[in-house]
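Values quoted throughout were computed directly from the atomic coordinates according to the rules given, and no laboratory measurement underlies them. Just so you know, these numbers come straight off a predicted model, no measurement behind them. Quick reminder, even Gly has a Cβ in these numbers, built from the backbone with ideal geometry, and neighbours come from all protein chains shown.
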């Protein structure tokens, strides 16, 4: 290794540990084949491709290549109710992927959901795919720690998500850590500094710790991310034709409902300040907000998805909405899948559920309308909308956002996070892709002269 290569290795840009593809189906779009080829050659990497861009076939092709090349088995992790969808997609592309819910390998590519991971033995597998890998975003989360521990010794790892960390790119460090590159805390200390001038994270003495780039570190940060990740929102981001991948129009309407009863000692509703007040406001306006949803949805002839956050909201909506089915946390996994299929097959017109249950991985292009109660989680909102507004949707999509006067601050925060997400993806699809290959360090030819005293 010469000195230039030694310095390049110090840049922390992810090395390639993959191989030349040994299998590539003819049915992939050109940009999908490019992404699959890149991921296979990389070995350990992340693909942040927008909803409907074909992450599922890319994941399956990657898994098939790893299984053939390493002569071993690959575990494909996904979210609830998507395992059967993975099996069907595999059949479509000539790749056998089989469900397992008991912890035992089932063929070369075993598909299971994250809730069953504790039943599986990492020693049985040579590679792992984490579908909807934004599940890793919580640094302190038990799920993130479980997945990272499971994959720690595996040579081949693939993360795939549409929203790696939609409004906080410091959380890209959890993906890097899972892939075996730089750890989250190491990443923060190398590229960022915080308002406390220490290595702490989260809250300290009640104060939220905020991170920002160190001087001149932003360009180096995106170069580092480009070493192990690629981000695509449309084919033209990586030089391909967008034909067939242009989304229909998305429109939103905001509905502000009023309290039926006036707040004591106040002429009008005051904005809820802080999480406690916002929770009280949400509970106090359940009837008004659900009534507005029923007014909108019951007059529609086509399918609708109604997103809620509380059990009381879901139960009330189920009573008031015609031809509806509610999927709640108390339902068994089998019951959830059965109800999702009812909606997909057109047996019911309206699906009522929470974003944390149904906003990841599922395809509902047959539906082009939804209602949403806003929360502080932009990721939940983004994923919920993307169940319908995705490539393959043929109709314009409309979202009705219903909130109360007191919760307008929540809606404003959600809109701010949306703009943050747009800015982050500009960096991912711009700087990351522009520097997708590690840059060779500049060779300086000017001679240095020692000072006379030496």
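Remarks
- The residue 236 and residue 345 beta-carbon pair, evaluated with R₀ = 41 Å, returns a calculated FRET efficiency of approximately 0.75.
- Length released on extending from residue 155 to residue 334, taking residue separation times 0.36 nm less the Cα-Cα span: 61.1 nm
- Pairs of C-alpha atoms in the range 97-142 farther apart than 15 Å represent 47 percent of all such pairs.
- Difference of contour (0.36 nm per residue) and Cα-Cα distance, residue 279 to residue 323: 12.9 nm
- One Cα centroid belongs to the range 356-370, the other to the range 23-60; the line between them spans 22 Å.
- Using the Cβ-Cβ distance between residue 143 and residue 288 with R0 = 30 Å, the FRET efficiency computed as 1/(1 + (r/R0)^6) comes to roughly 0.30.
- Ascending count of other beta-carbon atoms within 10 Å, so fewest first, for 251, 110, 98: 251, 98, 110
- On full extension, the segment bounded by residue 41 and residue 123 gains 27.2 nm, given 0.36 nm per residue less the C-alpha separation.
- Taken over the range 250-424, the ratio of Cα radius of gyration to 2.2 N^0.38 Å equals 1.03.
- Arranged from fewest to most other beta-carbon atoms within 10 Å of their beta carbon, 31, 364, 373, 213 become 213, 364, 31, 373.
- Placing dummy labels 7 Å off each Cα toward the beta-carbon, the span from residue 419 to residue 115 is 3.9 nm.
- Percent RCO, i.e. relative contact order, over the range 283-401, from Cα pairs under 8 Å lying at least 6 residues apart: 27
- Counting other Cβ atoms within 10 Å as a rough exposure proxy, the listed residues 253, 377, 134 run 253, 377, 134 from fewest neighbours to most.
- Once the C-beta distance of residue 356 and residue 26 is scaled by a Förster radius of 45 Å, the resulting FRET efficiency is 0.75 to the nearest 0.05.
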